[in-house]
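Asks: Below is the structure I would like to discuss, written out as structure tokens.
The values are calculated or read from the model by the stated rules, or taken from the named source; none is laboratory data. It should be emphasised that the depicted structure is a prediction, and the values quoted were computed from it without experimental measurement. Note that each Cβ is placed from the backbone with ideal geometry, even for glycine, and that neighbours are counted across all protein chains shown.
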Amino acid sequence: MKLVPILWLIRWLLTLVTLAGPAISFASETITVQLKWRHQFQFAGYYAAVEQGYYREEGLNVRLVEASKNLSPLQQVLSGQADYGIGDADILVSRISGKPVVALAAIFQHSPGVLLSLKQSNIQTPADLIGKRVMLSSNGQGVYQFKAMLLKQHLDIRQMTIVPHTWRLQDLIEGKVDVVSAYAMDEPGQLQQMGYEPSVISNQPYGVDFYGDVLFTSEQEISEHPERVQAFWRATKKGWMYAFKHQSEMAELIANMPGVTTRGLNKQMLLHEANVMLPYVLTDLVPLGHMNEERWNSIAQTLADLGLVPQQYSLEGFLYQDDMLVKRPYMVWLLRGIFILLLVLGATFVWNVQIRRQVIQRTQALQNEIDRRTQAEYLLKVAGSVAKIGGWVIDLKTNLIHWSDEVAALHDMPPGYSPTVEEGMSMFVPESQPIMASALKACMEAGVSYDLELEKITATGRRFWVRAMGQPVRDNAGNIIKLQGSLQDITTHKQLAAIKEGQDRIQAMMLADISLSEILHTAVLLIEHQFPDACCAILLLDQEGSHLRHTASARLPAAYAQAIDRMQLGSCGIAALTEGRVVAEDISEHPLWDQCYELASMHGLRACWSMPVLSRSRRVLGVLAMYRQQRHVPRLAELDFVDSYAQILGLAIEREQSDEQLHLLQSGVSRLNDVVMITEAPMHAPMQQKIVFLNEAFARITGVPVKQLQGTSPFELFQEATPGRELERIKSAFLQMQPIKTEVVAINQEGVGISLEMDALPLHDKGGLVTHWVAVLRDITQRKQADAQIRQLAYYDTMTGLPNRLLLQDKLSSHVRKAMRKQVGGALLFIDIDNFKTLNDTYGHDVGDALLVEVAKRIRQSVRRLDTVSRLGGDEFVVVLDSLHYDSAQAEKQARRVCEKIMAAFKKPFKLKHYQHYTTPSIGVVLFDPEHLSQTDELLRRADLAMYKAKEAGRNGFRFFDAQMETELRQRVALEADLHAAIEKQEFTLHFQPQYNQAHEIVGAEALVRWQHPERGLIMPGQFISLAESSGQIGELGHWVLKEACKMLQRWSTHPQLRHLVLSVNVSPKQYLQPAFVAEIQQMLVETGISPQRLKLELTESMLVDKVEDIIAKMAALRELGICFSLDDFGTGYSSLSYLKRFPFDQLKIDQSFVRDMLNGHDHESIVNAIISLGQSLQLEILAEGVETEAQLNVLKDLGCEIFQGYYFTQPLSLEAFEVWISQPINSAKHTATA
């Protein structure tokens, strides 16, 4: 009856606890944590809290988001994309700048951020960073602490080349950078794994010690969800405690996360990371997550002193405190106070009642204690005998070990035996002795308890495994006076674990499709590891089933293994395998070993037992044999162990054989060009088919890996793009179990539709039920898309997707007709990219193509949807402006605004494959004239001419076509027409300018073409050569010049004063690159019979950039004929020394612009001197053209120039004048000009 009030009070207290507990509770809430990098042990605590359910216990559903180099945790939290994040000193800088971030906990008491380099680079201190390429993150990832370290060492970061972080260690190894910012736990170990010795500079020795991996959140999270913050941090701490206690388990968990192995990480590397983390976390010294406000202020002051943050700052509210929680209503605090008071009063009352009851109970308990202990000792003895466990005590004074009877029995020793510590240590196997000695020493000296699993050996030689546990015993003064503990025989457990481990490993290898030979070799190693004195061998039956092939062994002598390969059944102890094991305790005495006894004895083998490896149908697949060098009868444990391996190896062998047959079938089907697909046909849901087989033809056609589609529905492949009516036909056929032939459309990886012709048939089982469908699909995309592709290729530019020249003609005609019909204006813009060739020559065509694509985008964005943007080719674009004002003045204003908009679009830099490029457009504009509309070709010509006028005006501008351009255009058109006639009428003539050596002797001449126009008189090359090139007539003109030059050499061959001259002829790039150029020269030489050594071809430097191999090949072919080559206008192009060395030139001509300016300054003379030195180093003859004064001649001679040409000697002469000039005395060859 006295218990009733007590029970009532307890019930009342429990009710009060329920009512007055925390007023705030929350259901399972989803929160997002933004990690600062990819999955590693660095975040193991969070993974553990998820996996162990700590977050779930707190009512939280936590989503951990893996980061990347472009994903900032700080920005994610501030933008509300994440609730919590992990950062560094960047959150402190952000807080000082006014951002509402709050630091919850510092996981690392010392930042693990380091600067990493290769040891061979000898970068050991911050001062060694001067002049080096340092890879740093632009924000976060320890960047502030590295800057602080440099500034504290009085080092200017501008003395280093800062490279954006790519997070690729390969960049350091390949020498792209000298130093990278890294984590001490990760990258140094990875470098060592790759075989490179790392060198590390940490911040702490240089006076910079920041926190690392700071868990933070926003003020909004703390304000709105204070209990959730506490719950999240409680669960996170549990997770970290679990992670540090179960490092191996967490390392394996992380290693299996997506993307971890692809980054080269494995379990061992993650465990290394865990061990390296401990000095940074310091959980043995301070609580996990500990933060000190003074230290944060010190970090902030360091940043302020170094100018990284303002001197005036406040950290108020930056560190998370429990009192930062939003104040609850006063009633909540009142209820909590009442609850605590009542709880204390109730507990005091209950405690008094319990004390009274315990006094009575203890009196009775003490009376029964002696009987209980006596019985317990007996039961403990029984339990120890059954469990093979016993106790021991080491007396440190006597150095003796006192064993219990159970421990003595484990060692095959009599009861009461007490060995010395040294004798007890010798009973461990040699490899276990150092481990045990170290554990005993630590226990004796430092009081460290141990729990180990080690192997021992008895006096009779029996080996067994024990679990050895020990702990210190201290006296009242705290001194260790003895050790005590227990030993338990765990041999059976170890054997079972070894069997399971081996089976698991074999199964894992089977699931991973490891080769059978590797699986069998692994099995041999596992068996021999369990039985160190045995040699294991596995032999498999051949296809005929009459011989055994040696397949796997390790310790078995190689000569013996080779001898038993291909042996017959029944030999060497292998009798009728289906009868079971064959045990030969002594080979010399076993009847089945008569034929092989000498072979086995020769290799030291004495005993052998073997057992068959069977399939599931009991078919013999091979044999597993165990050999020993002494007589031996296998124990039951050994038989069971090996038998378990024989069973799983039978499955592996049978699976391999099945896979070979299946592979043969799949190999044949996979090589078909048609797609073969097999799907299920479930009776209960005929429309829910799943793909069970799909050959590689589907992957070849669509680019989608076949493995991704296993188990998916065939309708998922086709429903996106196949017409609905065809899908309905297919579904109807599937429901009625009827064959069907139709067309479907699949989407490839690029999002392009692939048309397929499908024949589908149902497959029946033996009972006539439809179990599967087989479909054969043929790619008919080319047939279906032929017209569309032809149109796309014919009318659109493949690079930019813009209309090409052909489609532009149609659209331009439409615009012109519309302008005439609706009485509206229009304009045509001809756009050319300035200096585009320079970009192409410098960075390559890939970068040039990328620029064209970006230019096309910006032009499209600058015009209206009704306007037309087209690419003519190269770097030329055309814009047709539609529906402008009818008045030409207004239309001009409208066109001008569009031009200004396009030019503004070009001001932003173009980012092209890691290059940032600036360029400008030159735009020619022609307005439509509704009253006198020209042909479309004429509009293009006028706009083109206006564009060239814009270029002449300095580029980066636009010009409108005007009357003056019209006049020039007409003159150009007329001149082009005359040029056609001039070639036919042979109106061209050659003039010759002699070339002199240093002795003023004529050694050659340059042939220069002139046009003797019947109306305009003599026209110089500058007025018609470019026109000939643009109109495509340069080839015909150049051919005439070369032919005439050969005729001149033929004429001069009989002239005593001219026969020695070398005649130089300029060759146009377009003419030189014609396929038949070499053949034409060869024919001219044959027809004229001249000496090839008298003909020299001059190539300009600018033509050596494109089609280099073709140019070199033609030069080599012509040099074999004896023709010489001269490099003309050297110094005005883009060639480099490495290019020049590849071309077989004989002569180098200094451009006349350098000679003309040579006396105007020392720099100009230095340029000429450099050109001459370069030519001499390449063993080329040096010729200077444009020599006009004697002073120029003397300087050139002094610099080493060999040949001279210019007005100082004479201007170019007609043929007759030239031949007369040659006959003059040498001293009259100065300052004379006759034409």
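Asks: Select from region 579-612 the residues that are among the polar types (S, T, N, Q) and surrounded by fewer than 20 Cβ atoms within 10 Å (Cβ to Cβ) and write down the one among them that is nearest to LEU540 (Cα to Cα).
Replies: Kept after step one, since they are among the polar types (S, T, N, Q), are these residues of region 579-612: 588, 595, 601, 610.
Subsequent filtering for residues that are surrounded by fewer than 20 Cβ atoms within 10 Å (Cβ to Cβ) retains 588, 595, 601.
On the way: SER588: 25, GLN595: 21, SER601: 23 Å.
Taking the candidates together, the pick is GLN595.
Asks: Out of the residues in region 413-422 meeting the condition of being surrounded by fewer than 13 Cβ atoms within 10 Å (Cβ to Cβ) and under 17 Å from GLY391 (Cα atoms), tell me which one is modelled with the highest pLDDT.
Replies: The extreme case among them is PRO415.
Asks: Kindly indicate the residue of region 826-842 that is among the aliphatic types (A, V, I, L, M) and within 25 Å of VAL880 (Cα to Cα) and also nearest to the chain's Cα centre (by Cα) among those meeting that condition. Reasoning before the result, please.
Replies: Of region 826-842, the ones among the aliphatic types (A, V, I, L, M) are 827-829, 831, 833, 839.
Subset that is within 25 Å of VAL880 (Cα to Cα): 827-829, 831, 833.
Values: ALA827: 48, LEU828: 46, LEU829: 43, ILE831: 39, ILE833: 34 Å.
Going through the qualifying residues, I end up with ILE833.
Asks: Now a separate question. For region 583-609, enumerate the residues that are among the aliphatic types (A, V, I, L, M) and either at pLDDT below 85 or more than 15 Å from ARG628 (Cβ to Cβ) (or both).
Replies: Hits for region 583-609 are LEU592, LEU599, MET602.
Asks: Under the condition of being charged (D, E, K, R) and under 29 Å from the mean Cα position of the chain (by Cα), which residue from region 28-71 is modelled with the lowest pLDDT? Explain how you work it out, then say what you get.
Replies: Step one: of region 28-71, the residues charged (D, E, K, R) are 29, 36, 38, 51, 56-58, 63, 66, 69.
From the residues that got through so far, the ones that are under 29 Å from the mean Cα position of the chain (by Cα) too are 36, 38, 63, 66, 69.
Working: LYS36: 84, ARG38: 83, ARG63: 91, GLU66: 87, LYS69: 66.
Ranking the candidates gives LYS69 first.
Asks: Can SER1138 be described as at pLDDT 85 or above and surrounded by fewer than 13 Cβ atoms within 10 Å (Cβ to Cβ)?
Replies: Taking the combined requirement at face value, the residue does not satisfy it.
Residue-by-condition table, conditions (1) in contact with a helix residue (DSSP H, G or I) (Cβ under 7 Å, 6 or more places away or on another chain); (2) among the basic types (Lys, Arg):
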| position | (1), (2) |
| --- | --- |
| LEU777 | no, no |
| TYR795 | yes, no |
| THR798 | no, no |
| LEU802 | yes, no |
| LEU806 | yes, no |
| LYS811 | no, yes |
| ALA819 | no, no |
| GLY826 | yes, no |
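Asks: On to the next question. Answer yes or no: is there a residue in region 250-259 that is farther than 16 Å from TYR84 by Cβ, at pLDDT below 85 and in the same structural domain as ALA103 (by TED's automatic domain parsing).
Replies: yes
Asks: Being under 30 Å from LEU516 (Cβ atoms) and not assigned by TED's automatic domain parsing to the domain that holds VAL745 is the requirement here; does LEU664 meet it?
Replies: It is true that LEU664 is under 30 Å from LEU516 (Cβ atoms) and not assigned by TED's automatic domain parsing to the domain that holds VAL745.
Asks: Among the residues in region 1051-1068, are any assigned to a helix (DSSP H, G or I), crowded, with 18+ Cβ neighbours inside 10 Å and modelled with pLDDT of 90 or more? It would help to see each step written out before you state the result.
Replies: The first filter runs over region 1051-1068 and keeps only residues assigned to a helix (DSSP H, G or I), leaving 1051-1052.
Restricting the remaining residues to those that are crowded, with 18+ Cβ neighbours inside 10 Å gives 1052.
Subsequent filtering for residues that are modelled with pLDDT of 90 or more retains 1052.
There is at least one residue in region 1051-1068 that is assigned to a helix (DSSP H, G or I), crowded, with 18+ Cβ neighbours inside 10 Å and modelled with pLDDT of 90 or more.
Asks: Oh, and also: Looking at this structure, is SER1068 without any contact (Cβ under 8 Å) to a residue 12 or more places away in the chain, within 30 Å of ILE833 (Cβ to Cβ) and in the same structural domain as GLY1200 (by TED's automatic domain parsing)?
Replies: Numbers: without any contact (Cβ under 8 Å) to a residue 12 or more places away in the chain: no; within 30 Å of ILE833 (Cβ to Cβ): yes; in the same structural domain as GLY1200 (by TED's automatic domain parsing): yes.
No.
Asks: Can you name every residue in region 427-455 that is assigned to a strand (DSSP E or B) and of a type in the set (A, V, I, L, M, F, W, C)? Step through it out loud before you land on a result.
Replies: In the first step, residues of region 427-455 are kept if they are assigned to a strand (DSSP E or B); the result is 428, 450-455.
PHE428, LEU452, LEU454 - these are the residues of region 427-455 that are assigned to a strand (DSSP E or B) and of a type in the set (A, V, I, L, M, F, W, C).
Asks: Same structure again: Do you know which residues across region 757-785 are farther than 20 Å from THR722 by Cβ and under 44 Å from the mean Cα position of the chain (by Cα)?
Replies: HIS772
Asks: Further question: Hey, GLN495 hits all of (1) in a strand (DSSP E or B); (2) touching a residue at least 40 places away in the same chain (Cβ under 8 Å) but one; which does it fall short on?
Replies: (1)
Asks: Here are the criteria: (1) in the same structural domain as THR800 (by TED's automatic domain parsing); (2) surrounded by 17 or more Cβ atoms within 10 Å (Cβ to Cβ); (3) within 21 Å of SER1030 (Cα to Cα). Tell me which single one THR919 does not satisfy.
Replies: (3)
Asks: Could you list, in sequence order, all residues of region 198-228 that are of a type outside the set (Val, Ile, Thr) and over 35 Å from the mean Cα position of the chain (by Cα)?
Replies: GLY207, GLU219, GLN220, GLU221, SER223, GLU224, HIS225, PRO226, GLU227, ARG228
Asks: Would it be correct to say that ASN297 is free of Cβ contacts under 8 Å to residues at least 40 places away in the same chain, more than 21 Å from THR30 (Cα to Cα) and either not β-branched (Val, Ile, Thr) or not assigned by TED's automatic domain parsing to the domain that holds GLU58 (or both)?
Replies: yes
Asks: I need a count of the residues in region 157-205 that are assigned to a loop (DSSP other than H, G, I, E, B) and hydroxyl-bearing (Ser, Thr, Tyr). Steps first, answer last, please.
Replies: Within region 157-205, the first condition is being assigned to a loop (DSSP other than H, G, I, E, B), and the residues that meet it are 160, 165-168, 174-178, 184-186, 194-197, 203.
If we keep only those that are hydroxyl-bearing (Ser, Thr, Tyr) too, we end up with 166, 196.
Counting residues in region 157-205 that are assigned to a loop (DSSP other than H, G, I, E, B) and hydroxyl-bearing (Ser, Thr, Tyr) gives 2.
Asks: I'd like to verify a number: residues in region 690-726 that are surrounded by fewer than 21 Cβ atoms within 10 Å (Cβ to Cβ), farther than 15 Å from ASP674 by Cβ and among the aromatic types (Phe, Trp, Tyr), how many?
Replies: Residues flagged as surrounded by fewer than 21 Cβ atoms within 10 Å (Cβ to Cβ), farther than 15 Å from ASP674 by Cβ and among the aromatic types (Phe, Trp, Tyr) within region 690-726 amount to 1.
Asks: Restricted to region 508-548, and to residues that are surrounded by 14 or more Cβ atoms within 10 Å (Cβ to Cβ) and among the polar types (S, T, N, Q), which residue is modelled with the lowest pLDDT?
Replies: My answer is GLN530.
Asks: Do you know which of the residues in region 424-451 that are within 17 Å of GLY391 (Cα to Cα) and surrounded by fewer than 14 Cβ atoms within 10 Å (Cβ to Cβ) is nearest to the chain's Cα centre (by Cα)?
Replies: Applying the filter and picking the extreme gives ASP451.
Asks: Taking the residues in region 1170-1207 that are in a loop (DSSP other than H, G, I, E, B) and touching a Leu at 6+ places or on another chain (Cβ under 6 Å) as candidates, determine which candidate is modelled with the lowest pLDDT.
Replies: Looking at residues that are in a loop (DSSP other than H, G, I, E, B) and touching a Leu at 6+ places or on another chain (Cβ under 6 Å), I get LEU1180.
Asks: Of everything in region 384-412 that's out of contact with any helix residue (DSSP H, G or I) (no Cβ under 6 Å at 6 or more places or on another chain) and among the acidic types (Asp, Glu), which residue is surrounded by the fewest Cβ atoms within 10 Å (Cβ to Cβ)?
Replies: Restricting to residues being out of contact with any helix residue (DSSP H, G or I) (no Cβ under 6 Å at 6 or more places or on another chain) and among the acidic types (Asp, Glu), the top hit is ASP412.
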